[in-house]
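The values are calculated or read from the model by the stated rules, or taken from the named source; none is laboratory data. Given the structure is predicted, the values throughout are model-derived calculations rather than measurements. Backbone-built Cβ (ideal geometry, glycine too); neighbour counts: all protein chains shown. With ligands, DNA and RNA removed, areas are computed over all heavy atoms of the protein, side chains included. Shrake-Rupley method; radii C 1.70, N 1.55, O 1.52, S 1.80 Å.
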Amino acid sequence: MAFNNDLSVILPRVLIVSRRSVRKNKFVDFVGEYHLDLIVTYGAVPVIVPRVNGVHMLLDSFEPIHGVLLCEGEDIDPSLYEPETSGLSPEEIEEIRRLHASDTAVDKEKDSIELRLAKLCLERNIPYMGICRGSQVLNVACGGTLYQDIGKELTRKLPEDQRVVHMDYDNYDGHRHFVKVVENTPLHCWFKDSLEVGKMDILVNSYHHQGVKRLAQRFVPMAFAPDGLIEGFYDPDAYNPEEGKFIMGLQFHPERMRRPDSEEFDYPGCPSAYQEFVKAVLAYQKKLNISTALPKPLKLNKEMENKRKIIVRSFSLAKNLYTAGIEMNPTKQSELEAGAEFLESNTALSVQQENRLKQMGATVRNGSRYIEKLKLNEERDRLARNVMGKMSVEQLSDLMSFYHMMGQICSEVLERKLNGIVNDNAC
């Protein structure tokens, strides 16, 4: 298959950090198949970031990043969110490690990789979806905290009728518990057709012994377990999939909420989180392509290329005159003429454009006058920067798109003018 470097036809890239396991006395990195399948199904390409020492320093090599999906894994290092211990005794901590041996071995490299990615998404408004541990990473990245163990810190303090089993090793994939969906949230939108009349409850799976303790200020809850634990949250100011905005965390695994011995989802809304996430990823890629696209270079024949070099030399001399701030050397007059003639060539332009080009032609002829005019532009440049500093990301993106379009128009005009010069010389 031929390589195509046109970014507009390359599918967006979603980074997913692998989880490390031991198989036959060797480390193996893996990502759950359901995550990969849904990302591909909805039109993006999953790019697996291996959990390898030092990768957290190499994340620039994974650019462009159009989305990040962080999912299961070990417990996050508590020192990253709790300056002091949670009040658990050494005996209790040891008991937790025995009960949840596969999760309590802290992986600091994975923590570093995922926290860097989460903060990158927050800084650049890259779509982010966190599932299970990924939701906890998002909360910690924004200053929130976690229960180091729900059973020890939350469950045992509640009456029996409010207690919830969040981890059932004997019924791992089949275990479910109720959550109450918050109205007018994305989760409500996805599952509303499955809610009973007058109720806001759905059954979700559960594979965790940790969870959100203090939710970071920027987030809004989307669902609560009966024990009060937050099971889903999002940033309403960073949620609009059509515009490439998606920052969300789900404690449960909607991709694994399937009927026994079947690939059928428990609810029609289960895959919606992935569908809307990829929709945001696609929109983000489109915005990124617009902001970074460059006009395609002109293809010139040998004669036109020589003429172009003469014109470039002429403008280079004019620039040097301005930079040095000195009067023009009369011996350079002839070399400046090529640029002046090019700018003043007879082309079908508006009166305003023609006057502007004539001013530029006069500038090339007279270096000292050019200096004066450019100095006047410094104040305009300062004012423009102040105005743009107050604009939103969306407004700046639209502005950049406009000037990109103007650049393409200029390229077309330039090509016509160069063709006109060559044709005149050929006559």
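Could I have the simple spin-label model distance between residue 157 and residue 189, label points 7 Å from Cα toward Cβ, reported in nm to one decimal?
Result for the modelled spin labels: 3.5 nm.
What is the ratio of the Cα radius of gyration of region 9-293 to 2.2 N^0.38 Å, where N is its residue count, to two decimals?
Scaled against compact globular proteins, the figure is 0.98.
With an 8 Å cut-off on Cα pairs and a minimum separation of 6 or more residues, tell me the relative contact order of region 26-158 in percent.
Computed value for region 26-158: 32 percent relative contact order.
Test of understanding: what is the full-extension gain from residue 197 to residue 58, defined as 0.36 nm times their sequence separation minus their Cα-Cα distance?
45.0 nm
By how many nm would the segment from residue 308 to residue 108 lengthen if fully extended, with 0.36 nm per residue of separation less the alpha-carbon distance?
Once the chain is fully extended between residue 308 and residue 108, it gains 66.4 nm.
Given 0.36 nm per residue, what is the gain on full extension from residue 89 to residue 217 after removing their alpha carbon distance, in nm?
Here the answer is 43.2 nm.
At 1.306 mPa s and 10 °C, plugging the Kirkwood radius over alpha-carbon pairs of region 123-223 into Stokes-Einstein gives what diffusion coefficient in µm²/s?
Once the numbers are plugged in, D ends up at 104 µm²/s.
At a 10 angstrom cut-off on C-beta neighbours, averaged per residue, how do the peptides 227-238, 162-173 rank from highest to lowest?
Result, highest mean Cβ count within 10 Å first: 227-238, 162-173.
If you keep only loop residues by DSSP, which trypsin sites (Lys or Arg not before Pro) in region 7-72 have at most 12 other Cβ atoms within 10 Å of their Cβ?
Sparse-neighbourhood loop trypsin sites (Lys or Arg not before Pro): 24.
Kindly flag which residue pairs out of 119/390; 192/245; 286/417; 213/245; 245/390 have an alpha-carbon separation exceeding 27 Å in this structure.
Too far apart for the 27 Å limit: 286/417.
Looking at the square roots a ≥ b ≥ c of the eigenvalues of the Cα gyration tensor of region 39-180, which shape do they give, rounded for a/c under 1.5, prolate if a/b is larger than b/c, or oblate?
It comes out prolate by the Cα gyration axes.
Students often check this: by mean Cβ neighbours within 10 Å, which of 241-248, 383-390, 177-184 ranks highest, and how do the rest follow?
With the highest mean Cβ count within 10 Å placed first, the list reads 241-248, 177-184, 383-390.
How much accessible surface area, in Å² rounded to 10, belongs to the heavy atoms of residue 410 with a 1.4 Å probe?
90 Å²
Counting only C-alpha contacts under 8 Å and six or more residues apart, can you give the relative contact order of region 9-293 as a whole percent?
Worked out over region 9-293, it gives 20 percent.
Just to make sure I understand: if all protein chains stay in place, what is the order of 391, 222 by accessible area at 1.4 Å, largest first?
The ranking, largest first, comes out as 391, 222.
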